[in-house]
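Presented below is the structure to which this report refers.
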Amino acid sequence: MAKLNKTTKVNPENPEELLDMKLSAPKETAAGLGGVKVAMEHVLGEVGTLRGLSALAKLNQKKGFDCPGCAWPDPDDERSPIAEYCENGAKAIAEEATSKKLDRKFFGLNPISELSLLNDYEIGKKGRLAEPMFKPEGSDYYIPVSWDEAFGILAKHLNDLKSPDEAIFYTSGRTSNEAAFLYQLFVREFGTNNLPDCSNMCHESSGVALSESVGIGKGSVKLEDFYEAEVILILGQNPGTNHPRMLSALQKAKENGCTIISVNPLPETGLISFANPQTVKGALGIKSKLTDIFLQVKLNGDMALLKAISKLLLEAEQKNPNKVLDNEFIRRNTSGFEAWSKELEGYSLSDLAELSGVSLEQIQETAKVLESKTKIIACWAMGLTQHKNAVGTIQELVNILLMKGSIGKPGAGTCPVRGHSNVQGDRTMGIYEKPSEAFLNSIQQVFGFNPPRKHGYDVVDAIKAMYEKKASVFVAMGGNFLSATPDTLYTAKALENCNLTVQISTKLNRSHLITGKEALILPCLGRSDKDIVNGEAQFISCENSMGVVQQSSGHLKPVSDSLLSEPLIVVKMAKAVLGSKSKINWDKYAIHYDFIRKDIEATIPGFDQYNERVREAGGFYLPNGSRVGKFNTFDQKAHFFAGRLHKTELASDELMMMSIRSHDQFNTTIYGLNDRYRGVENERRVVFIHPEDRERLGFKAGELVDLSNSDGGTTRISRKYILVDFPIAKQCCATYFPEANVLIPIDSVAEKSNTPTSKLVKVKFIRHSID
């Protein structure tokens, strides 16, 4: 198995001296002109002035193209004429729009075994994939193949399977609506529901929790609701790095009198204060304070915190009947309130406070703020979704909204902040291993074949199936599967067990280097690339975090004439694999993408007049019952659920580890080696640790350690990390994703959602020895 990272450098004559890495105090303010400077350095350095500025001018603009980064929504009205993007959006464009390309010459000079020794940052900086490549069995090199040859190789492998369920078809959140719809259609006509996607690793817990509680697995708010909110709760989310444009919405909410309450094990710069570089004050470095109350929970202390807040609100209602809770809303629109409130009586506030890691005084202060407020928005991300009891924790958060009547009206509701720009749209299009009967019936009615009804594999189950050799062909529509998934060595072995692995990609990543016996690279267009079909420019469409579907039109000349769009790749794949057996007219989709959208309209509710409405500036909203107070559950009511607390038992030499992103990355894409807001420069293999925990464990600041986890009887070790003192919650530590994924056990998953528990892994520290 290849090394995953080699950025940590030490002085061989003095092993305690680290080379290159620099530490400084964490920043107090996010963005500002410093962010603009860094963004421009990335874009101009990687893309060039003309190509770079041309791309930025169209980024997130109406009639432009959607950012390949996060899913934060664009304003419904006018977009900023200066820049409708953030620092990390600019970095994403620098990565995608690079003019460096990898063709047969590059792969002929670089054996796979040598490329795999590079770290993820070095691999990603090599450039755009420029032509289809094939790795024959036993070879250490990729060789060029034609598109027809590539599809022929894939077709032979798929058609030789004993069962369609021996193939797995993964999807990344970058995939457009059009490509995702065709992809799931092809896979289901092929005969399987094995459609795992990146949502299985991030907001699957949100989808399960919200579907049970309010009848839809999506958030209920619009961007404009932030400007009317009285309170915004932000739990387990770092918008300054992961969703930077959210800071503008929070700033506007603050200006309108909103109270912001942040809940996180680490104090994050982007939640403390913000200097908007598009305003005079921000450009001058004058910051806007964002967070009013910071609740520093222990890892997985969120549920105890939420139960304590709810208990205090119930007590306040008893003292002042009909002054705290919206009893009419509860009576008319909900079910389960009495049982839930009865369950809360069994907890003591002091015990809940201790479990949460937050002082009872702070919890009381928070509940006091909520007592008189009804326009409350709850935002959350991976800090809630990647725990064993994630579904229950999210439902406890929803319970607070329900008891306050804070959903289904302006300025209030749920806001799971999605990580990738079309991960929500992919699920809407049917990328799901557990499709509903209604969806499958619609496919059957529109296309004339009976799709499989047996549920397929999600990400964790897919990895296990490949590891156990129950599946032997793996196809990935985008993404970097190996680096994104848990238990890296286990997952690598799973991929290596396959007869064929196929990656549909824009850039080289680690998943091209840890392969099955045979492997294909199918290079595709990116969001910023012009997509010309039959002499006519095409556009695709995406759905953002708040349910807006809008068009995305690339404007840059592709780096190679050998690239195909994702929709055309799926069309050619389907024709090669299914041949004359198919009942679908795949050829029409290769004529114009309007034909794809026409069939989406016929299949999926909410897409009436798709081609007409998506051409309107800003697109259109999909129906959302919880947004208007309609709850599409079995009894048409929202439901209170009582979550089950988990208490993590730690040995005296153990800490709870969470994986996080640096400010120089998006998901598995590493833009650079700096984490500007946390004060780390030129290094990624670091562990953020509370100084008291470090001293108790007997280590010095800056010392090199190895991390180990032994869940399930398997010892997992990740080597050579630098200890960095940080004001993180005690008994907790944080490391960067994806380097520490090797420590996340494949069997440690959230109840109901099966999401890997990347935000709570028990680890021990071993003093690193220099060989």
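The values are calculated or read from the model by the stated rules, or taken from the named source; none is laboratory data. Note that the coordinates shown come from a computational prediction; the quantities given were computed from them, not determined experimentally. Every residue, glycine as well, gets a Cβ built from its backbone with ideal geometry; the counts of neighbours run over all protein chains shown. Side chains included, ligands, DNA and RNA excluded: accessible areas come from the protein's heavy atoms. Shrake-Rupley method; radii C 1.70, N 1.55, O 1.52, S 1.80 Å.
So which of Gly643, Gly606 is part of a loop (DSSP other than H, G, I, E, B) and on the phi > 0 side of the Ramachandran plot?
Of Gly643, Gly606, the one residue that is part of a loop (DSSP other than H, G, I, E, B) and on the phi > 0 side of the Ramachandran plot is Gly606.
Can you run down the residue pairs with Cβ atoms below 7 Å, 6 or more apart or on separate chains, where the first is in region 252-271 and in a strand (DSSP E or B) and the partner is hydroxyl-bearing (Ser, Thr, Tyr) and open to solvent by 10 Å² or more (accessible area, probe 1.4 Å)?
What qualifies is Ile260/Thr291; Ser262/Thr291.
Just to verify a result, which residue in region 292-320, among those that are more than 14 Å from Ser262 (Cα to Cα) and either assigned to a strand (DSSP E or B) or without any contact (Cβ under 8 Å) to a residue 24 or more places away in the chain (or both), is most open to solvent (accessible area, probe 1.4 Å)?
Lys319
Can you name every residue in region 709-753 that is assigned to a loop (DSSP other than H, G, I, E, B), open to solvent by less than 60 Å² (accessible area, probe 1.4 Å) and not aliphatic (A, V, I, L, M)?
If the condition is that a residue be assigned to a loop (DSSP other than H, G, I, E, B), open to solvent by less than 60 Å² (accessible area, probe 1.4 Å) and not aliphatic (A, V, I, L, M), then Phe726, Phe737, Pro738, Pro745, Ser748, Ser753 are the ones that fit.
Which residues, taken from region 754-771, are more than 20 Å from Ser199 (Cβ to Cβ) and either touching a Cys at 6+ places or on another chain (Cβ under 8 Å) or open to solvent by less than 20 Å² (accessible area, probe 1.4 Å) (or both)?
Val761, Val763
Tally the residues that are closer than 30 Å to Phe106 by Cα and touching a Ser or Thr at 6+ places or on another chain (Cβ under 7 Å), restricting the search to region 515-551.
10
For region 509-556, list the strands (runs of 3 or more DSSP E) that sit wholly inside it and hold at least 2 residues that are touching a strand residue (DSSP E or B) at 6+ places or on another chain (Cβ under 9 Å) and under 16 Å from Asp74 (Cβ atoms); which are they?
Fully inside region 509-556 and qualifying: 540-543, 548-552.
Determine the pairs where a residue that is open to solvent by 10 Å² or more (accessible area, probe 1.4 Å), located within region 671-691, has a partner that is among the β-branched types (Val, Ile, Thr) with Cβ atoms under 7 Å apart, the partner being 6 or more residues away or on another chain.
Leu673/Thr7; Asn674/Val680; Tyr677/Thr241; Tyr677/Thr269; Arg685/Thr7; Arg685/Thr8; Arg685/Ile722; His690/Ile728
Quickly run through region 227-238 and pick out the residues that are surrounded by 22 or more Cβ atoms within 10 Å (Cβ to Cβ) and not aliphatic (A, V, I, L, M).
Gly236, Gln237, Asn238 - these are the residues of region 227-238 that are surrounded by 22 or more Cβ atoms within 10 Å (Cβ to Cβ) and not aliphatic (A, V, I, L, M).
Which ranges mark the helices (runs of 4 or more DSSP H) fully within region 104-210 that have 1 or more residues being open to solvent by 10 Å² or more (accessible area, probe 1.4 Å), among the β-branched types (Val, Ile, Thr) and farther than 17 Å from Lys507 by Cα?
147-159
Looking at region 553-572, I want the residues that are of a type in the set (Asp, Glu) and have a partner that is outside any loop (DSSP other than H, G, I, E, B) with Cβ atoms under 7 Å, at least 6 apart or on another chain. Which pairs are those?
Here the result reads Glu566/Ala179; Glu566/Met477; Glu566/Ile504; Glu566/Cys524, each pair linking region 553-572 to a residue that is outside any loop (DSSP other than H, G, I, E, B).
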